[in-house]
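Asks: Sharing a structure, written as structure tokens. Questions coming.
The values are calculated or read from the model by the stated rules, or taken from the named source; none is laboratory data. What you see is a predicted model; the values in this text were computed from it and never measured. Methodologically, a virtual Cβ is constructed for each residue, glycine included, from the backbone with ideal geometry; neighbour enumeration extends over all protein chains shown.
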Amino acid sequence: MAEIMNAVVKEKPELGAEFRQVKLPELKPEWVMVKVKACSICGTDVHIYKWDPWSDNRIGAKNLPQTLGHEVAGEVVEVGSHVSRIKVGDYISAETHIYDPSDITALVGQFHIGENMKILGVDCDGSFAEYFAVHQSVCWVNDTSIPPEFATIQEPMGNATYAVLGEDNDIAGKSMVFIGDGPIALFGIGVARACGAANIFVVGLSEYGLQIAKKMGADHILYADGRDGKDLQKRVEYIKDNTYGAGADIVLDMVGALPAIQEGFKYLRKGGRFTAFGIAPKDEVPIDYNNSIVFKGAQIHGINGRKIFDTWYRVRNLLTMKRVDVAPVITHLFELKDFKKGFDLLLAEPRLCSKIVLFPDTEEFQKAVKRLEERIK
Ligand code: ZN
């Protein structure tokens, strides 16, 4: 195998990244080497690309250079001496939360959170490269019928699936409000529809995203800035009018903006579930604690990652059996060397893209473009 490969590397603590040659990652005894077929750009990658205060705190200039990326699908080409669960030839994706089995959370089955958890592409080199190496414990074997541009988005689709289904998977016949129109909200709408949610509202800002939300199965489109003539009070009334006066059974905040969180509780019915996925700009969020939570009997569910591997199992089945069509969300495909085109689209205002998938290999890229053209036909 070659010793040198191409990768998208964050070199300096400033805007941007470089496409350059680096050494292949080291194959440790419990790790596997993966030839990347597709990798996709996540909001986290955009934070690191911009090198915002979060990146500076979380990664730090002293840990650069580092390869970007964590959403991935590829083929295992080599396994370490102590690998037993994964074999050469397996078509895998990676759970990005690399858990420490000695964490109390892991011991009680909550592998996705833990004091010593590390994140792929944040705490170590990532997957925007021709090859990447990863611990076998976080490898997930894909169904070979899932094309790489879909297999790579299972990680964010997993966020969406866990957020939608919660801990009890009890959404059938219920009403849901999604606040946000980014890729994870859009995947979530598809999952909610497939799993039997009966009435789906989306509150967003991007016309581009909201049009995809319709394709994914949203029943009602509302504008967070009131451009449709519905201010917050009217949106609350609209949601109540369409839920027999009660409010929504489940509200998912996929944005994290202060007004979004505050208004989310207003959409929620008594006894409903509020799912907190978006990351707030400040750690402290003022909310009406008594009326929003206590007297409402609300449940609040924080989402950090996906259940390992319960969520992956469900996502694989949903994609393999084509219960959710994620194609409308995957709006752009580029070769890895053209990664800057993807980041430019993600940084532009207004944002005219959703999920962007990159391909290190030209042939894989061409095959994916052909599939995309056939799906559009
Ligand atoms: Zn991601």
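Asks: Among the numbered criteria (1) of a type in the set (Lys, Arg); (2) surrounded by fewer than 19 Cβ atoms within 10 Å (Cβ to Cβ); (3) in contact (Cβ under 8 Å) with a residue 40 or more places away in the chain, which one does LYS234 miss?
Replies: With (1) of a type in the set (Lys, Arg); (2) surrounded by fewer than 19 Cβ atoms within 10 Å (Cβ to Cβ); (3) in contact (Cβ under 8 Å) with a residue 40 or more places away in the chain applied to LYS234, the lone miss is (3).
Asks: May I pose another question? Out of the strands (runs of 3 or more DSSP E) lying entirely within the range 116-213, which hold 1 or more residues that are assigned by TED's automatic domain parsing to the domain that holds ASP225?
Replies: By residue number, 175-179, 199-204.
Asks: Consider VAL36 carefully, then state whether it is assigned to a strand (DSSP E or B), within 16 Å of the ligand (Cβ to nearest atom) and out of contact with any helix residue (DSSP H, G or I) (no Cβ under 7 Å at 6 or more places or on another chain).
Replies: yes
Asks: Out of the residues in the range 97-108 meeting the condition of being part of a loop (DSSP other than H, G, I, E, B) and out of contact with any Lys or Arg (no Cβ under 9 Å at 6 or more places or on another chain), tell me which one is nearest to ARG58 (Cα to Cα).
Replies: Out of the qualifying residues, it is ASP103.
Asks: Does any residue in the range 75-97 that is closer than 10 Å to CYS139 by Cβ come within less than 7 Å, Cβ to Cβ, of a residue that is among the acidic types (Asp, Glu) and more than 16 Å from the ligand (Cβ to nearest atom) six or more places away or on a different chain, and which pairs are these?
Replies: Note: pairs meeting the criteria are VAL76/ASP90; VAL83/GLU30.
Asks: Test each condition in (1) within 16 Å of the ligand (Cβ to nearest atom); (2) under 17 Å from PRO65 (Cα atoms); (3) not hydroxyl-bearing (Ser, Thr, Tyr) for ALA133 and report the one that comes out false.
Replies: Looking at each condition in turn, ALA133 falls short on (1).
Asks: Do the conditions hold for TYR208, that is, is it touching a residue at least 60 places away in the same chain (Cβ under 8 Å) and of a type in the set (Phe, Trp, Tyr)?
Replies: yes
Asks: What residue, of TYR223, TYR208, is closer than 25 Å to CYS353 by Cβ and in contact with a Cys (Cβ under 9 Å, 6 or more places away or on another chain)?
Replies: Going through TYR223, TYR208 in turn, the sole match is TYR208.
Asks: Moving on. Do we find that GLU71 is out of contact with any Leu (no Cβ under 8 Å at 6 or more places or on another chain), at pLDDT 95 or above, within 16 Å of the ligand (Cβ to nearest atom) and assigned by TED's automatic domain parsing to the domain that holds ASP338 in this structure?
Replies: Yes: the conditions hold for GLU71.
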